[in-house]
Each structure stands twice: as structure tokens, then as C-alpha cells.
1. Counting only residues that are polar (S, T, N, Q) and surrounded by 17 or more Cβ atoms within 10 Å (Cβ to Cβ), which one in the stretch 1-42 is modelled with the highest pLDDT?
2. Among the residues of the stretch 121-133, are any farther than 24 Å from GLU93 by Cα, of a type in the set (Val, Ile, Thr) and either assigned to a strand (DSSP E or B) or in contact with a Pro (Cβ under 8 Å, 6 or more places away or on another chain) (or both)?
3. Kindly indicate whether ASP149 is loosely packed, with under 12 Cβ neighbours inside 10 Å, among the charged types (D, E, K, R) and assigned by TED's automatic domain parsing to the domain that holds GLY94.
4. Picking from GLY174, GLY166, GLY154, which residue would you name as being surrounded by 18 or more Cβ atoms within 10 Å (Cβ to Cβ) and small (Gly, Ala, Ser)?
5. Any residue that is touching a helix residue (DSSP H, G or I) at 6+ places or on another chain (Cβ under 7 Å), surrounded by 14 or more Cβ atoms within 10 Å (Cβ to Cβ) and modelled with pLDDT under 85 - is there at least one of those in the stretch 204-212?
6. Evaluate the stretch 121-132: report whether one residue or more is surrounded by 12 or more Cβ atoms within 10 Å (Cβ to Cβ), within 29 Å of the chain's Cα centre (by Cα) and under 23 Å from SER179 (Cα atoms).
7. In the stretch 75-114, what count of residues is obtained for those that are assigned to a loop (DSSP other than H, G, I, E, B), of a type in the set (Lys, Arg) and surrounded by fewer than 16 Cβ atoms within 10 Å (Cβ to Cβ)?
Amino acid sequence: MYLINMPAFFNKNYNTVHDAMNSSIRKLGVLQTNLDNVETIGYKAVNPDAVLFSEMMKDMFRDESQGELMHTGRNLDLSLSSANAYFLVEGEEGPERVRNGSFYLNNKGQIVSHDGKELVVLDKDPEETTKLHHTSDLKVNAKGEIIADGKYYGRLAIDYDHRAPGQIAYVAQGKLEASNVDINTTFMNMVQIKRHVDTLQGIMAMEMVLDKSIVETYGRNV
């Protein structure tokens with residue numbers, strides 16, 4: 001998406017029309033991003049009104065509703081029962097929250113996310129030498145406890161937003177949470193905003209023609 005540059009000559013109406021057009025164009029960009037991520041596991045749609053605020057506040061305008069759970073059958077495809085719960089992975093500056101529960105085993109026998117970050121597993125016995133293998137019989141129960149080849153391996157770390165007293169997010173093995181982007185609603189919003197942009201472009205074009213005519217007729221000091 002490209003923002004509209006202010007014309008070299010403009011009257012007092014240009015500022016309002018110009019700002020409205022660029023705001024609408026940014027909203028189209030947000031909606032396009034939502035569509036681009038419709039197949040991204042755990043992706044949360046962003047409300048296009050978020051573009052009116054800073055990037056730091058952007059997450060406040062995400063649709064945090066639960067996406068549909070898709071059955072995959074893979075033993076390291078995991079999902080959570082609560083929309084405000086997150087898996088934790090090891091980031092460069094500490095644990096990071098993720099909703100994408102598509103995990104894998106790396107060549108070190110570690111459970112990692114799609115971008116290679118190790119899943120945080122609690123209660124691991126430091127003296128236990130059990131190493132996970134691609135052939136391991138891995139079971140993850142509803143409490144997030146990992147059983148590898150019949151032995152307890154550890155428990156998934158789960159973090160929460162605004163956790164209610166006693167709230168527990170259960171883990172489903174062999175399922176992934178789909179994006180919660182509503183394609184039909186997103187397309188309708190894009191059509192409405194595009195029509196709005198077209199209308200504003202028409203207004204600006206008329207204003208420019210009028211101003212040019214005035215300048216050519218009476219000079220630039222009018």
C-alpha cells in the first residue's frame with residue numbers, strides 16, 4: 001500500500017481529505033495482512049482501527065477469540081483450550097509467548113517451534129538422561145505433561161493474559177488452532193474502505209482542478 005503525498009498547492013480542505021485517505025489506505029493494509037495470514041496457525045486478526053494508534057498499542061486491537069481447532073494427528077501439534085493462554089519458547093531475551101502450537105524435534109532432541117526456538121518445559125529432572133527421538137512415543141496429556149516412551153519427561157509452561165482464579169488451559173494433542181480471520185467479513189470491509197478511498201480521491205481531484213483554475217485565472221496570490 002502506498003500513502004498519498006500532499007499536492008504542491010492545496011487549500012484548507014486538503015489536509016482533512018489527505019489524512020482521511022491515508023488512514024483508509026493504512027486500514028486496507030491491515031486487512032490485507034489479515035488475509036495474508038488466514039492460514040497462519042494461531043494468527044489473531046487485527047482490528048484496522050488500530051492504525052489510528054501507535055504500534056505499541058496495536059496488540060490491544062487484536063481479535064483474541066479462539067480459532068477453530070484442526071485435527072492433524074501429529075504428536076507435537078498442540079493447541080490450548082483458552083484464548084488467553086500461550087505456550088512459552090526460549091527467546092533471546094527470555095521466554096516468549098506463542099499461539100502457534102506446531103512443534104518439532106531438532107537434532108538435539110529438543111522440542112522447538114517452527115522458527116527453532118526451544119519450547120519451555122518445566123519439572124524436568126536434571127539427572128534424567130532421557131532424550132527425545134523422532135521415533136519416541138510422545139504423549140502430551142490435557143495438563144501439558146509430556147510422557148516419552150512411558151517415562152515422565154516434563155510439563156509444558158503455559159502463560160496467561162488476565163487469568164481468572166482457578167482457570168486452567170487444557171492442552172489438546174494432535175490439533176492446531178487455525179487463524180481466526182473471518183474471510184467474508186474482511187473482504188466486505190475492504191470493499192467498503194476501497195469505495196471510501198475512491199470517493200475521497202474524487203473529492204481531492206475536484207479540489208485540485210478548482211484550485212488550478214483559480215491560480216491560472218487570478219494568480220497565486222489569491
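1. Looking at residues that are polar (S, T, N, Q) and surrounded by 17 or more Cβ atoms within 10 Å (Cβ to Cβ), I get ASN34.
2. Start the filter on the stretch 121-133 by keeping residues that are farther than 24 Å from GLU93 by Cα, which leaves 125, 127-133.
Those left that are additionally of a type in the set (Val, Ile, Thr): 129-130.
Pick out the ones that are also either assigned to a strand (DSSP E or B) or in contact with a Pro (Cβ under 8 Å, 6 or more places away or on another chain) (or both) and you get none.
No, the stretch 121-133 contains no residue that is farther than 24 Å from GLU93 by Cα, of a type in the set (Val, Ile, Thr) and either assigned to a strand (DSSP E or B) or in contact with a Pro (Cβ under 8 Å, 6 or more places away or on another chain) (or both).
3. no
4. On the way: GLY174 fails: surrounded by 18 or more Cβ atoms within 10 Å (Cβ to Cβ); GLY166 fails: surrounded by 18 or more Cβ atoms within 10 Å (Cβ to Cβ).
Selected residue: GLY154, the only one of GLY174, GLY166, GLY154 that is surrounded by 18 or more Cβ atoms within 10 Å (Cβ to Cβ) and small (Gly, Ala, Ser).
5. The initial filter retains those residues of the stretch 204-212 that are touching a helix residue (DSSP H, G or I) at 6+ places or on another chain (Cβ under 7 Å), namely 204, 207.
Subset that is surrounded by 14 or more Cβ atoms within 10 Å (Cβ to Cβ): 204, 207.
Next cut, modelled with pLDDT under 85 only: 204, 207.
Within the stretch 204-212 (the criterion being touching a helix residue (DSSP H, G or I) at 6+ places or on another chain (Cβ under 7 Å), surrounded by 14 or more Cβ atoms within 10 Å (Cβ to Cβ) and modelled with pLDDT under 85), the answer is yes, since at least one residue qualifies.
6. Within the stretch 121-132 (the criterion being surrounded by 12 or more Cβ atoms within 10 Å (Cβ to Cβ), within 29 Å of the chain's Cα centre (by Cα) and under 23 Å from SER179 (Cα atoms)), the answer is no, since none of the residues qualifies.
7. First, pick out the residues of the stretch 75-114 that are assigned to a loop (DSSP other than H, G, I, E, B): 75-76, 81-84, 92-93, 99-101, 103, 106-110, 113-114.
Within this subset, residues satisfying the condition of being of a type in the set (Lys, Arg) are 99, 108.
Filter once more, keeping what is surrounded by fewer than 16 Cβ atoms within 10 Å (Cβ to Cβ): 108.
Adding up the residues that qualify gives 1.
The values are calculated or read from the model by the stated rules, or taken from the named source; none is laboratory data. Remember, it's a predicted structure, so these values are computed and weren't measured experimentally. Ideal geometry is used to build each Cβ from the backbone, glycine not excepted, and the neighbour counts take in all protein chains shown.
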